[in-house]
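Right, one structure below, let's go through it.
The values are calculated or read from the model by the stated rules, or taken from the named source; none is laboratory data. All figures in this text were calculated on a predicted structure; none of them were measured in a lab. Note: ideal-geometry Cβ built from the backbone for every residue, glycine included; neighbour counts use all protein chains shown. Just the protein is used for accessible areas: all its heavy atoms, side chains included, with ligands, DNA and RNA removed. Shrake-Rupley method; radii C 1.70, N 1.55, O 1.52, S 1.80 Å.
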Amino acid sequence: LFILLVSLCVSCGRKQHTIFNFDHKETIKINKLDLPVVRGLKAQRQQQNVYLTWHPVIINPQDTPFTSLNVIGYNVYRLTKRHLVPKKSLNKSPIKTPFYIDTKAKNQKSFYCYLVRGVFELNQQQALGPVSHVVCTVKL
């Protein structure tokens, strides 16, 4: 009786644990190099804006090992002054169209460099594709 009373007091206030985890989602290891890359990136400066265009990503089932791969959109990045890729893209959510207008490129005496990454959905998870080649504007 004493052991039962002590075990009840010791377990009070502790979170109960279960050995089964039914909420666990299976994670899939994705090699970003298996995802399609954005091609044909071009940058054109007009006055205070930079117009970026690229070829839309078309998924060919024979070219990818994934069966349920969909294109959600694209993320655009402007490289920093030290030519590093920032962690955050210029757009807040993936762009659906294969073009982007950077209206914040105000300094006409500077040049800007950009790259684009595809955003994909694979088994209800988002994945970023490999980076495109880097394009830069010329100084005016």
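Annotations
- Take the Cα of H83, go 7 Å toward its beta carbon, and the backbone nitrogen atoms of the range 120-140 under 20 Å from that spot belong to 131-140.
- Only protein heavy atoms count here; under a 1.4 Å probe, T97 has an accessible surface of about 60 Å².
- Local net charge near Y77, Cβ-Cβ under 12 Å (Lys/Arg +1, Asp/Glu -1): +3
- Sequence-distant residues sharing a close amide H with I72 (under 5 Å, placed H): V119, F120, E121
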